[in-house]
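Q: If you scroll down you'll find the structure; I have some questions about it.
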Amino acid sequence: MITAFASPSTYVQGDQLLKQAARYIAPFGDHGLLLADDIVWGLIGEEFYKDLTADGLKIEHIHFNGESSPEEIDRIKAIGEEKDAKFVIALGGGKTNDTTKAVGDRLHVPVVIVPTLASNDSPCTRLSVIYSANGEFLKYQFYDKNPDLVLVDSSVIAGAPVRFLIDGIADALSTNVEAQTVARARATTLLPLQTDQTAAGIALAEKCEELLFTYTDQAVAAAADHVVTPALAHIIEANILLSGVGAESSGLAAAHSFQNGLTALSGDVHRMSHGQKVSFGTLVNLILEGASDERFARYLNFEAKLGLPTTLADLHLADATDEDLLKVATLTTQEGETIHNMGFPVTPRDVVAAIKAADSLSRRIQGLD
């Protein structure tokens, strides 16, 4: 058996950290690219740019168009070549991060991730989720290394709407559920090395879940008031570092495959965030693995308390037909999807059954029938 563990070279988290960011970035060179969309640029990007340049760095601001697509990656790579960029910085959310990682990989320069949200675990991973220009899931793209530097300013995370923190909690909640599924199946991890789990990877996934069940109420309250507290710091670390490294080094299973499978449909379901879709996917994962009533209820009640989707109606799929669900299930079980880490064959029919069962049981437990 060969095991492997991967993580960013350096992870730094703290209050008002962006004011000091140049000291951590400067070792990579004196000039590079900064990707940010218009919203992030207006909120904090321009000030961050001024701080970096005031500290002696030459920074080229690149407007990010919003989709981690092959076309956008090609466009930004060409700018990086023209400017001879020595590093590339992502300032924003998951798709900004994924695009930046792809650009850095193709330019062979260091990647710096500066997340503005704790809504997902993309900042720390060595992969990108690639979508078409129209937003349809295309593939996971893997790299030879994780980001070189992840800078997390707790005050920036606290300044965002609290719903984004809750989205990240939903994504992080799947980490240990899927990690334990992979462990039971003795399947390989998400690393592009075809390797097994390390004890370290599993320990981080378990610690991630422990922090979520211990500090979420306090952290959500702090984020709602836009203040930084120790509890919020714990949840930021769980959402970004422990979930990212834990999931990558321990593996994914059905929860994330279900999220990808939803791209088979159009409509209001795509108003839901990645974390919101994964939250229902976690319940599907639990049904497929044959979780006990008690175990299923523990995760369901945690999600329901946060207002996360726990039924098809919550996903705007109350009127989904069996044909619609089969489309989702077929894409969920396509070749290469992580649902095949369950440890037993999973067919589209199995997934349709699990979706319906999760919906029905959730409604029954919550008294919604």
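Q: So how far apart, in nm, are the two label points at Arg298 and Ser266 if each is 7 Å from Cα heading toward Cβ?
A: 4.2
Q: What does the charge count near Asp171 come to, summing +1 for each Lys or Arg and -1 for each Asp or Glu among other residues with Cβ under 12 Å from its Cβ? It would help to have the intermediate numbers written out before the result.
A: On the way: positive: Lys277; negative: Asp121, Asp167, Glu178, Glu303.
Net of charged neighbours comes to -3.
Q: Shape call for the stretch 110-165 from the C-alpha gyration tensor, a ≥ b ≥ c root eigenvalues: rounded (a/c under 1.5), prolate (a/b greater than b/c) or oblate? All intermediate terms of the calculation are to be shown ahead of the outcome.
A: On the way: a/c = 3.01, a/b = 1.32, b/c = 2.29.
Here the stretch 110-165 falls in the oblate category.
Q: Where in the chain are the DSSP H helices whose C-alpha atoms run 24 Å or more along the long axis and whose mean Kyte hydropathy is at least -0.5?
A: Details: long enough: 162-185 (35 Å, 0.50); 199-224 (35 Å, 0.66); 348-365 (25 Å, 0.04).
Helix filter hits for the chain: 162-185, 199-224, 348-365.
Q: If you don't mind, there's one more thing I want to ask. Given Cα pairs under 8 Å that are at least 6 residues apart, what percent is the relative contact order of the stretch 1-93?
A: On the way: 86 pairs, mean separation 37.5, N = 93.
Relative contact order comes out at 40 percent.
Q: What whole-number value in Å² describes the accessible area per residue of the stretch 224-361 for a 1.4 Å probe? Kindly include the intermediate steps, with their values, before the conclusion.
A: Working: 5260 Å² over 138 residues.
About 38 Å² of surface per residue is accessible.
Q: With a 1.4 Å probe and all protein chains left in place, how much accessible area per residue does the stretch 1-116 have, in Å²? Walk me through the numbers before you get to the answer.
A: Details: 5240 Å² over 116 residues.
Spelled out: the 1.4 Å probe surface of the stretch 1-116, per residue, equals 45 Å².
Q: How big is Rg to Rh over the stretch 115-204, alpha-carbon atoms, Rh as the Kirkwood inverse-mean-distance radius? Before the final figure, lay out the partial values.
A: Values: Rg = 15.0 Å, Rh = 15.1 Å.
A ratio of 0.99.
Q: Taking amide H positions as placed 1.01 Å from N in the peptide plane, with prolines and chain starts having none, which residues 5 or more places from Phe5, or on another chain, fall under 5 Å of its amide H?
A: When sequence neighbours closer than 5 places are left aside, there are no close amide H contacts.
Q: Could you tell me whether the stretch 49-148 comes out rounded, prolate or oblate from its Cα gyration tensor? Rule is a ≥ b ≥ c as square roots of the eigenvalues, rounded for a/c under 1.5, then prolate if a/b exceeds b/c, otherwise oblate. Let's see the in-between values first.
A: Working: a/c = 1.60, a/b = 1.40, b/c = 1.14.
In terms of gyration-tensor shape, prolate.
Q: Are any of the pairs Lys58/Lys145; Lys145/Lys327; Lys86/Lys277; Lys145/Lys207; Lys50/Lys145; Lys19/Lys95 more than 27 Å apart by Cα-Cα distance, and if so, which? Write out the running numbers ahead of the final one.
A: Working: Lys58/Lys145 25 Å; Lys145/Lys327 34 Å; Lys86/Lys277 37 Å; Lys145/Lys207 23 Å; Lys50/Lys145 29 Å; Lys19/Lys95 24 Å.
Checking Cα-Cα distances, Lys145/Lys327; Lys86/Lys277; Lys50/Lys145 exceed 27 Å.
Q: What number, in percent, do you get for the relative contact order of the stretch 218-369 if the mean sequence gap of Cα pairs under 8 Å and at least 6 apart is divided by its residue count?
A: On the way: 158 pairs, mean separation 41.5, N = 152.
The normalised contact order for the stretch 218-369 reaches 27 percent.
Q: Percent antiparallel among DSSP beta bridges with both residues in the chain, to the nearest 5? Let's see the in-between values first.
A: Working: 5 of 27 bridges.
Counting only bridges with both partners in the chain, antiparallel ones make up about 20 percent.
Q: While we're on this one: How much accessible area per residue does the stretch 145-192 have, counting only protein heavy atoms and a probe of 1.4 Å, in square angstrom? Don't jump to the answer; show the numbers that get you there.
A: On the way: 1270 Å² over 48 residues.
I get 26 Å² per residue for this part.
Q: Now a separate question. Probe 1.4 Å, all protein chains in place: accessible area of Ser266 in Å², nearest 10?
A: 100
Q: For the stretch 151-182, list residues with backbone N below 12 Å from a point placed 7 Å from the Cα of His226 toward its Cβ?
A: The answer is 156-162.
Q: Which whole-Hz couplings ³J(HN,Hα) result when phi for each residue of the stretch 22-31 is put into the Karplus expression 6.51 cos²θ - 1.76 cosθ + 1.60, θ = phi - 60°, listed in order with x for Gly and Pro?
A: The phi angles translate into 4, 5, 8, 8, 3, x, 7, x, 9, 8 Hz.
Q: Using helices alone, what [θ] at 222 nm do you get for the chain, with -39,500 (n - 2.57) per DSSP H run of 4 or more residues, divided over all residues and rounded to the nearest 500?
A: Dividing the helical sum by the residues of the chain leaves -15500 deg cm²/dmol.
Q: Right, here's the next one. For Leu252, what residues show an amide H to amide H distance below 5 Å, using hydrogens built from the backbone and excluding near sequence neighbours?
A: HN-HN under 5 Å from Leu252: Leu190.
Q: I've got another one for you. Roll a 1.4 angstrom probe over the protein heavy atoms and tell me the percent of accessible area of the chain that is carbon or sulfur. The partial results should precede the final answer.
A: Working: 7460 of 14980 Å².
Whole-percent figure for carbon plus sulfur exposure: 50.
Q: Contact order normalised by length for the chain, with contacts defined as Cα pairs under 8 Å and 6 or more residues apart; what percent is it?
A: Contact order relative to length: 16 percent.
Q: On to the next question. Cα centroids of the stretch 189-245 and the stretch 57-85: how far apart, whole angstrom?
A: Value for the Cα centre distance between the two parts: 30 Å.
Q: Just read off the accessible area of Glu206 with the full protein assembly in place, 1.4 Å probe, to the nearest 10 Å².
A: Looks like 90 Å² after rounding.
Q: Would you mind counting up the charge near Leu17? Only other residues with Cβ under 14 Å from its Cβ, with Lys and Arg at +1 and Asp and Glu at -1. Before the final figure, lay out each step's value.
A: Working: positive: Lys19, Arg23; negative: Asp15, Glu47, Asp51, Asp55, Asp153, Glu237.
My count for the surroundings of Leu17 gives -4.
The values are calculated or read from the model by the stated rules, or taken from the named source; none is laboratory data. Just so it is clear, the model here is predicted, and its values are computed rather than measured. Using ideal geometry, Cβ is built from the backbone for each residue, glycine included, and neighbour counts are taken over all protein chains shown. For accessibility, only protein heavy atoms count, side chains too; no ligands or nucleic acids. Shrake-Rupley method; radii C 1.70, N 1.55, O 1.52, S 1.80 Å.
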